[in-house]
Each structure stands twice: as C-alpha cells, then as structure tokens.
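Notes to accompany the following structure.
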Amino acid sequence: MKRFFILLTLAGNVFGEALTPDQLARQALSGNPELRFYEEQVAALPKPAKVPVPEILQPLDFPSQTELRRAVLNLDRDMARLYLAEFRYVLESEVRLGAVEYQSAVETAATAADIAHRIGALVKMLEERPAAGVEALIERRILEGAALPFIREAAEAKVRAEYLRTRLNGLLGREAGKSLEISGGLGLPAQKEVDAVERPLLLKIREAEIARGLAGGGAAAEIEAFAVGGWFTREGLGANDAMTGMTRPGATYGAAPDKTRERLSDDARRKWTREQAQRRAALAAAKEVVEAIPPTLVQNLQAAADLAERQYRVGALGVNLLVEIHHEYLDALQSRNASILQAWRNALDLAFLDLPADEAPPKGKITVKPVN
C-alpha cells in the first residue's frame, strides 16, 4: 500500500488522467512551440515569415538542427521541408522514449523507497524488543546498512524522474512544474509490418544535400562527409559509433558531377543498409532479454520478498536471506525496465531509418505491446 502512495506522489497527479506515450506524442505534435514556429516559417517559404519569436522552454536536439535553420535562412523551401519532417519524427519519438523512461524511473523510485521503509520498520522492531548479546546487535546493524543502497537508489531515481517530467512538459509546450502521470509505457514496442521503403527520408535528404553541393550550394568537403548512426540509442545495447569513413572514396580532382553523385549516393545507401542490419539485431537482442524477465518473475520475487519479511518477523528466517531477496527483486525490476527502454531506443532508430520521404511521419507507428 505504501508503494502505491509513493507512486502517486512521484507522478505528482493523484486525480489526473494517466496518459500513454502515444497520447503524449500526439500532444507534442500539436503543442510544441518550436515545431509550430518552424512550420510557420517553412509554410511561408520562399518568402521570409513574419511570425513572433516564441519562448521555447525545451529546445529539441535532432540530427539536422543546424541544417534546418540554414535552409530557413536561405529561403530553401525544399530542403526545409525535408528537415522539418525529420524534426517532427524526432519530436514525437523523444516524447515516447521520455515517457517510457519517466514511468520506469517513477516505478524504480517507489519500489526502492518501499523496500527501504520496510527494512527501517524491521530495525525499529528490533529496537523495541532488544535482545542481549552481540549477535542481536550485529543483526540490527546489518539491517541498518542494508537500507542505505535502497535509499540511495530511490533518491537517484526520483531526481531522474523529476528531470524527465520537466523535459517532457517542455516538449509538450507545458509549464515545467505541471504534474504528469503516464501509464502503458512499460511494454515492448510493437512495429507494424511495412513494405521496404524505396526512398527513406534520410537518404532523400542526403541526395538533396549532394545535389545542392554539386550545384555550388556547399563546400566539397561538406558533401563528402556523411555518417549514419543511432540517434536514440546512445548508450547500452545497440549503441555504436557511426561509420564516418567513405565506403567509396573518390578522386581528388576531375570527377564528373554525375559520377560523384552516384558514388556519394551509393556510399549513403551502403551505410544506411549496414545501420539497418545492426539496429534489427540489437532490437531482437533487447526483446530477448525482456522476454527472459517476464512480469510473473518480478511478481514472484516481490511475493518472495514479502514472505521473507513475514518469516523474519517471527524468527523463521535469517537476516542475510531477507536482504538478498529484496536486492534480487529490485534488480529484476530494473533489468526488465532497462531492457524495455533499450528495445524502444533501437525500435525508434530503426523506424527513423525506414521513415518514408514522400509522406508525413505516420502517427502511432510504434505502439506499446503489453507483455503480460
């Protein structure tokens, strides 16, 4: 029961309606002030837009951030539209990912705080019925020390949850301190079966940048440089450095523009294909880890921890086994949630690679598939 109230306190909205990651993503697409600002600017191109400068509480980092601003300043409508499509996808994906991570942090903080409280209650019980001898004193000290890692874990997770709530509110265009309650995020991302994309957005952007560079719109060194890597998977399973070297280096002088365009486009396609294969493998591995830690396993460990506490109170269980089962319970919960989060990161990166260029980013392309 105490854990339930801790969850409500961390969520900060006892009576508010819990929102899913997909619902938050839709809110971001309609309420993010930075997106509206760029949409108004791009809609006015090739003329400059006369729109008031908004107050952006949480600016969004995305791969073509500098390029979008440059395209708007250069009144380049075609390039700006491509970069804006990328902005939209990254925005809704960052909100989805942040929602999953926020829910995980809230759950970790509540669970760790609950365990620390339970151990503290046992310490108080021992103090109220003191027993003679060194063994009883050492047992009490063991419990006092055992509570400390859970207290630290709860504090760290609470701080992380507060940061994520503030960031999510900013991306949604809401006040930083507004309460936020999320549900349905701690499940594997289920991807729809889609046909192979002939011209994904990232490759179309690359082709357009090559064409601009060959036409004199950019320095030769700029169009030679190209890398594809995980944007959302920056750490953990599936994280890797992007390939920056050329798979098809060209002559330093005298190459025909058509040959250069073909060579650079082929280089981009090769890197895109390589990254796609790596992302699929990482996503499959993350799902495998999640499936190895089903919800029933976590529930059984929680039940075992409750049983251990009851048995310890009546003197039928030793202190070491009591402490160990609580650690195993929290570790299993954290491992499952971390693997779910890693699956989301890789799934969002894979969907980014497959994002079609000739249509708006699909709404709800990735939805939660509860694993129960």
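The values are calculated or read from the model by the stated rules, or taken from the named source; none is laboratory data. All values reported here derive from a predicted model rather than from experimental measurement. Positions of Cβ are generated from backbone atoms using ideal geometry, with glycine treated the same way; all protein chains shown enter the neighbour counts.
Observations on the model:
- Boolean, TYR83 is crowded, with 19+ Cβ neighbours inside 10 Å, under 30 Å from TRP231 (Cα atoms) and of a type outside the set (Asp, Glu): yes
- Looking across segment 163-194, the residues that are hydroxyl-bearing (Ser, Thr, Tyr) and modelled with pLDDT of 95 or more come down to TYR163, THR166.
- Meets criteria (among the basic types (Lys, Arg), touching a residue at least 12 places away in the same chain (Cβ under 8 Å) and under 30 Å from MET125 (Cα atoms)) for ARG270: no
- Test: TYR102 is touching an Asp or Glu at 6+ places or on another chain (Cβ under 9 Å), buried (at least 23 other Cβ atoms within 10 Å of the Cβ) and in a helix (DSSP H, G or I): no
- For segment 304-334, a residue qualifies if it is in a helix (DSSP H, G or I), without any contact (Cβ under 8 Å) to a residue 12 or more places away in the chain and farther than 18 Å from HIS117 by Cβ, and the qualifying residues are GLN311, GLU324, ASP331.
- Checking each residue in segment 128-159 for being more than 28 Å from the chain's Cα centre (by Cα), under 20 Å from ALA308 (Cβ atoms) and not aliphatic (A, V, I, L, M) picks out ARG129, GLU135, GLU139, ARG140, ARG141, GLU144, GLY145.
- Scanning segment 278-306 for residues that are among the acidic types (Asp, Glu) and either over 30 Å from VAL319 (Cβ atoms) or in contact with a Gly (Cβ under 9 Å, 6 or more places away or on another chain) (or both) returns GLU288, GLU291.
- Flag for PHE232 being modelled with pLDDT of 95 or more, in a loop (DSSP other than H, G, I, E, B) and at negative phi: yes
- Yes/no for LEU126 being at pLDDT 95 or above and either under 19 Å from LEU301 (Cα atoms) or aliphatic (A, V, I, L, M) (or both): no
- Condition check for ALA303: surrounded by fewer than 13 Cβ atoms within 10 Å (Cβ to Cβ) and farther than 30 Å from ASP349 by Cβ: yes
A quick yes/no check of all residues on (1) of a type outside the set (Phe, Trp, Tyr); (2) assigned to a helix (DSSP H, G or I); (3) in contact (Cβ under 8 Å) with a residue 24 or more places away in the chain:
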site: VAL53; (1), (2), (3): yes, no, no
site: THR66; (1), (2), (3): yes, yes, no
site: ARG70; (1), (2), (3): yes, yes, no
site: SER93; (1), (2), (3): yes, yes, yes
site: GLY98; (1), (2), (3): yes, yes, yes
site: HIS117; (1), (2), (3): yes, yes, yes
site: LEU126; (1), (2), (3): yes, yes, no
